[in-house]
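Some notes on the structure that comes next.
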Amino acid sequence: MPSNSPFLRQPASVQSVMLKVLVALLPGIAMYVWFFGWAVLIQISLASVTALAAEAAMLAARRKPVRHFLTDGSALVTAWLIALSLPSIVPWWLTVLAVLIAIVVAKHLYGGLGQNPFNPAMVAFAAMIVAYPQFMSQWPAAGATDLATQINAIFGQRQLDAMVMATPLDTLRTALHTSGLNATVESVLANKTTYGFLGGKGWELVALGYLIGGLWLVQQRVITWQIPAAFIVAFGGIAGLTHLIDSAQFAGAGFHLFSGGAMLGAFFIATDPVSASTTPRGKLIYAAGIALIDWVIRVYGAYPDGIAFSTLLMNICVPLIDKSTQPPVFGHKEKRP
Amino acid sequence: MRQLFSFTGGVKPASHKIESNRGVVIVAPLPNVLVVPLRQNAGLPSRPLVQAGDKVLKGQTIAGPGGSISVAIHAPTSGTVRGIETHAIPHPSGLLAPCVVIEADGEDRWIDRKPIDPYALPADELRARLRDAGVVGLGGAAFPSFVKTQHGPTQRIDTLIVNGAECEPFITCDDLLMRTQAGQILEGAAVLAHIAGAQRVVVGIEDNKPEAVAAMTAAAGKRSGLPVEVIAVPTRYPAGGEKQLIRVLTGIEVPFGKLPPDYGVQCFNVATAYATARALLHGEPMISRLVTVTGNVERPGNFEVRIGMPIADLVALAGPKADTDRNLMGGPMMGFALPTLDAPVVKATNCILAASKALFPPPGPEMPCIRCGACARACPMDLQPFEMYWFSRAKILGKAQEYHLFDCIECGCCAYVCPSRIPLVDYYRFAKSEIRAREKEKDAADVARLRYEFRLEREERDKQEKAAKLAAKAAETKARLAEAGDADDKKAMIAAAVARTQEQKAEENPSAE
């Protein structure tokens, strides 16, 4: 029993929090496998093994109790998020490298669990998209789920032409940005081999899986409603508004929210407690900031999606946001501190 | 129906009330030797009035108030004073303190009890009687009650809140008191209201005590005159915290640094109201109280216990189980582990909780804070506990204070919910004591600095005065010279002065001749 009060403790643990996050990712992962094949599970396994090995090595090097921290599950969450963010058919060494950057650099060199100012998974993703843009734009096509080909893509010679495609976001951006095509959002999205009801074919259901898992996390009180709600409202708001103004140039709210990393970002990336804002109002500002920057990157930037960069940019702002949004204390509510 | 308010945060641990609240109040047998500490109230300790060999009666004053915030202490039974001895008192550090030790004669003979009509006496007289009857807050803080019935010129007390919330898990002594003494509690509350000048009494009871609510409501229905409301408040720890209960019942938030009378309210525990009734309406000073003995014991229950009874004897009545590893005084959220059961029951003892590994499993190993914010959502004071933790741990105490460290009531909700099992409250206690120590040091340094500056000033003033005197003398001499108008005179004067000095030297030191 503890030496001082309170002697009662709720049976909560960091481990149970992290396990719930992993469970919440399962619906999205199931959809991913259904539409795009087993490759993503290979990547998740690869990332998990690498993350645990890197975590153990770093803990040992830092003379921390290895078993104690290795079982907290935080490295697995980082690993899974990286595996789900990278294209599922990137070469194995790219996944390994990304995980190493996340665990070694972004997590442990900053002081380990709880100390990292930046979301480790997003640091790794940003490093990869800058260093290896050629691999980061090759995504599996929906239905091209032949396991042998995928294994070959990951571990062997890459002969991908038959199975890769750009993401639906990338396709839209390229079409709209290429002058002379006279493409409109409507004409691009009319291609039903790439696009489904709202976003990319298959991808929109993966996003739905993340949404369902994310809502469960809110219900379980692992995450609070502020970050996903502000993210979705801000993203949907700016996309919907610009779509109203010029529907030829700007895709609508549904498309944006169910494409790319929006749902994963809203419920699993922006909600990383260590690197996110902590005050109720701060969370709203923080998540809305990520959504708006991501929209700008998608529409005007050089990358098809920008969850990583927008998250990292808002991570920088967290101390300022938290400081200026401190909630009023009991009895001091008339004047904000 | 009164509109209720709510406080944010709070937690709902398993209440564990049912173990101890089913039986009746058991009167603990009279011990042979009673150890009555002189320090029992918040404020200054009491001043002993007896010495070894004195015969005392039950209820006789054995110590008087030791200052303006202090009360009297009484012999819990009749007998002989063995002496004023240093003895363990209930304290987290196992502190030893002077206690009046009384050997009971077994007759348990009362002093001449003099009930009074409180409504016929002025408030100041009643306050003096409360003080002399040893009435202190029995919710745990043991603050002298007579002080709380006073208020400053800018303050007022309209509403007297009677705290029957008893939000800590395991503790049921207030519950049993309300079930069995509802009428007397309200009599006492009415007297306190009369002394404080309050217009109404509001009793707040957590709704997990329906029998107590019913008993108190029935008793309130039988009364006339002063309006008394009995309100069931939602069960959520720490609803019985003074600030939280005031908030729930009135909507008022009393901030750190202010007192309830600044907002027209004052709050007393139900047991304090009962003690007031015993003291003034029956002439019986505060010599016993109800104590819950529960947890890892065979027969948990509530005992009426004399102040001064060894806690070991009390626990023995409930049949402690073999695997008890520690005993707490108070509840599991805010109580403390007793280093020794040798210590006696005091006025602040509301519960003895026998603990075991099974009852309070050791929390898993501590992990780093992941800023999940569970503590902030649980905090009933709307603080950001993880920020306070961060700065307390780093000893950046100024920052910890900026995050309202001193608004923390140490209720333990943050540590209760922390998934990293960080003993957060320990860090706040540490930071608060560090800040207090530094302020004390700074005060001492300030005094020293002021003294030094004063000395410098005085020396400078002396110097200036001397210089001014010399200047005046020189001016005088000059003036005289000018009057004489002769330069030779000046030489003569110097020569005379030199001769005078030599003469003086010779006088002082004749051997130099």
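Which percent, to the nearest 5, of DSSP beta bridges fully inside the protein assembly as shown are antiparallel?
Numbers: 39 of 64 bridges.
For the protein assembly as shown, the DSSP antiparallel bridge percentage is about 60.
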Q: Over the whole of B:370-382, what's the average partner chain Cβ count within 10 Å per residue? Rounded to a whole number, please.
A: 6
(Q) For the protein assembly as shown, place one equal point scatterer on every Cα, skip the solvent, and apply the Debye formula. What is log10 of I(q)/I(0) at q = 0.05, 0.08 Å⁻¹? (A) -0.44, -0.82
**Q.** lysines whose Cα lies under 27 Å from that of B:Lys505, excluding same-chain neighbours fewer than 8 positions away
**A.** B:Lys463, B:Lys466, B:Lys469, B:Lys473, B:Lys478, B:Lys490, B:Lys491
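Taking 22 Å as the cut-off for C-alpha to C-alpha distance, list the pairs among B:Lys58/B:Lys114; A:Lys64/A:Lys107; B:Lys209/B:Lys321 that go past it. Don't skip to the answer; put the middle values down first.
Values: B:Lys58/B:Lys114 14 Å; A:Lys64/A:Lys107 14 Å; B:Lys209/B:Lys321 27 Å.
Flagged as over cut-off: B:Lys209/B:Lys321.
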Q: For A:Lys192, list the lysines whose Cα falls under 23 Å from its own Cα; do not include residues on the same chain fewer than 8 positions away.
A: A:Lys201
**Q.** Segment A:Val104-A:Leu244, length gained on full extension (0.36 nm per residue, minus Cα span)
**A.** 45.9 nm
Q.
Under a crude label model (7 Å from the Cα following the beta-carbon direction), how far is B:Thr340 from B:Lys463 in nanometres?
A. 5.9
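If each DSSP helix of 4+ residues adds -39,500 (n - 2.57) and the sum is divided by the residues in chain A, what number results at 222 nm, nearest 500 deg cm²/dmol? Before the final figure, lay out each step's value.
Values: 15 runs with 193 residues, N = 337.
For chain A, the value works out to -18000 deg cm²/dmol.
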**Q.** Amide H within-cut-off set for B:Ser288, under 5 Å, with H built and near neighbours excluded
**A.** B:Ile307
Q: Please give the per residue accessible area of chain A, computed with a probe of 1.4 Å over protein heavy atoms only, in Å².
A: 41
Q) In the P(r) worked out for the range B:367-484, what percent of Cα pairs fall beyond 17 Å? A) 67
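Considering only protein heavy atoms, what per residue accessible area in square angstrom results for the range B:367-484 with a 1.4 angstrom probe? Walk me through the numbers on the way to the answer.
Working: 6810 Å² over 118 residues.
Computed with neighbouring chains in place, this is 58 Å² per residue.
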Q: May I ask you to compute the full-extension gain from B:Leu49 to B:Lys478, defined as 0.36 nm times their residue separation minus their alpha-carbon distance, rounded to one decimal in nm?
A: 147.1 nm
Q) What is the local net charge at B:Asn296, summed over the other residues whose Cβ is closer than 14 Å to its Cβ (Lys, Arg +1; Asp, Glu -1)? A) 0
Q: Excluding residues fewer than 8 places away in the same chain, name every one of the lysines whose C-alpha is closer than 25 Å to that of B:Lys258.
A: A:Lys333, A:Lys335, B:Lys148, B:Lys243, B:Lys399, B:Lys432, B:Lys440, B:Lys442
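Once fully extended, how much extra length lies between B:Ser224 and B:Gln3, figured as 0.36 nm per residue of separation less the alpha-carbon to alpha-carbon distance? Write out the running numbers ahead of the final one.
Working: separation 221, 0.36 × 221 = 79.56 nm, distance 2.27 nm.
Extra length from B:Ser224 to B:Gln3 when fully extended: 77.3 nm.
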Q: In nm, give the distance between the simple-model label positions of A:Lys333 and A:Ser16, each being 7 Å from the Cα along the Cα-to-Cβ direction.
A: 3.1
Q: Find the centroid of the Cα atoms in the range A:57-124 and in the range A:211-236, then give the distance between the two in whole Å.
A: 24
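Which value results for Rg/Rh of the range A:186-276 when Rg is the Cα radius of gyration and Rh the Kirkwood radius based on the inverse mean 1/r?
Rg divided by Rh gives 1.02.
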Q) What spacing in nm lies between the two simple spin-label points modelled at B:Ile252 and A:Val164, each 7 Å away from Cα in the Cβ direction? A) 7.2
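With N set to the number of residues, divide the alpha-carbon radius of gyration of the range A:70-157 by 2.2 N^0.38 Å and report two decimals.
On the way: Rg = 14.1 Å, N = 88, 2.2 N^0.38 = 12.1 Å.
This ratio for the range A:70-157 stands at 1.17.
Leaving out ligands, DNA and RNA, what percent of the accessible area of the range B:122-283 is carbon and sulfur, probe 1.4 Å?
Numbers: 2690 of 5170 Å².
After summing per-atom areas, the C and S share lands at 52 percent.
Which whole number in µm²/s is D for the range B:122-283 by Stokes-Einstein, with the Kirkwood Rh taken over Cα pairs at 10 °C and 1.306 mPa s?
Approximately 103 µm²/s, per Stokes-Einstein.
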(Q) In 10 Å bins starting at zero, report the fraction of Cα pairs in the range A:12-165 per bin as a rounded %. (A) 11, 40, 33, 14, 2
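For B:Ile69 and B:Ala445, FRET efficiency with R0 = 22 Å and r from the beta-carbon atoms, rounded to 0.05?
Details: r = 27 Å, r/R0 = 1.24.
Computed FRET efficiency for B:Ala445 and B:Ile69 comes out at 0.20.
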Q) Under a no-solvent Debye model with one identical scatterer per Cα of the range B:195-258, what's log10 I(q)/I(0) at q = 0.12 Å⁻¹? A) -0.35
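Residue by residue through B:355-365, how many Cβ atoms from other chains fall within 10 Å of the Cβ on average?
On the way: counts 2, 1, 1, 0, 3, 6, 4, 4, 10, 7, 4.
What the average comes to for B:355-365 is 4.
With a 1.4 Å probe, how much accessible area is buried between chains B and A, both sides summed, in Å² to the nearest hundred?
Details: alone 25360 and 16080 Å², together 37410 Å².
Rounded to the nearest hundred, the buried surface is 4000 Å².
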Q: Could you pull out which residues in the range B:277-296 have an amide N less than 12 Å from a spot 7 Å beyond the Cα of B:Arg113, following the Cα-Cβ vector?
A: B:277-288
Q. Given R₀ = 35 Å, FRET efficiency for A:Trp93-B:Glu402 by Cβ-Cβ distance, to 0.05?
A. 0.15
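Just round it to a whole percent: the fraction of Cα-Cα distances in the range A:200-337 exceeding 24 Å.
Working: 2983 of 9453 pairs.
Tail of P(r) above 24 Å: 32 percent of Cα pairs.
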Q | Cα pair count fraction exceeding 26 Å, expressed as % - chain A | A | 49
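The values are calculated or read from the model by the stated rules, or taken from the named source; none is laboratory data. Small disclaimer: the values here were computed from a predicted structure and weren't measured. We place every Cβ from the backbone using ideal geometry, glycine too, and count neighbours over all the protein chains shown. Quick note on the areas: whole protein, heavy atoms, side chains included, nothing else; ligands and nucleic acids left out. Shrake-Rupley method; radii C 1.70, N 1.55, O 1.52, S 1.80 Å.
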